[in-house]
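The values are calculated or read from the model by the stated rules, or taken from the named source; none is laboratory data. Predicted, not measured: the structure shown is a model, and the values here were computed from it. Backbone-built Cβ (ideal geometry, glycine too); neighbour counts: all protein chains shown. Areas reflect the complete protein model, heavy atoms only, side chains present, ligands, DNA and RNA absent. Shrake-Rupley method; radii C 1.70, N 1.55, O 1.52, S 1.80 Å.
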Amino acid sequence: VLKPALDNNQIVHKLEEPSENQDVRADSTPSKDQENTAEVGPTQPEKPENVQSLSNLAPKSPSEKQKTIAAYLKKQRKNQIARIKRQMEYYFSDENYPKDVFLLEEVKKSADGYVPVDIFLTFNKIKNMSADC
């Protein structure tokens, strides 16, 4: 029976005698020229030289971490605003606007032809997109 054992960052399999209730197969017995241990390569694969360690990429000071978080949040906010803008553009697109009875009525209610932003905040898609704003 082969059992793994650690030796200098390598896995070494040692041959042990089977106990009474273990099945012994003919092909599992080592030949006379085999040693009692068989080495199996290093436990961790070697890193290519051109790959940077993740620890080098991680911010080192609390202020760097705050800058990284701030940059991430700024990017998320920018993406969120872009999604809302695309949705608003769709509402007024040639494809949607002429068929959208609700928007047409809202435009007629306004003297200057504008739809208040508050109206758009009642739309489910816009509500979901702006929940985190």
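See the values below:
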| item | result |
| --- | --- |
| Contacts under 9 angstrom Cβ, first residue in the stretch 87-112 being closer than 19 Å to Lys125 by Cβ, partner open to solvent by 60 Å² or more (accessible area, probe 1.4 Å) and not hydroxyl-bearing (Ser, Thr, Tyr), 6 or more apart | Gln87/Lys125; Asp100/Phe92; Leu103/Phe92; Leu104/Pro98; Glu106/Pro116 |
| Residue check for Val107: in contact with a Gly (Cβ under 8 Å, 6 or more places away or on another chain) and modelled with pLDDT under 95 | yes |
| Leading residue by the ranking (nearest to the chain's Cα centre (by Cα)) among those in the stretch 102-133 that are outside any helix (DSSP H, G or I) and surrounded by 14 or more Cβ atoms within 10 Å (Cβ to Cβ) | Phe123 |
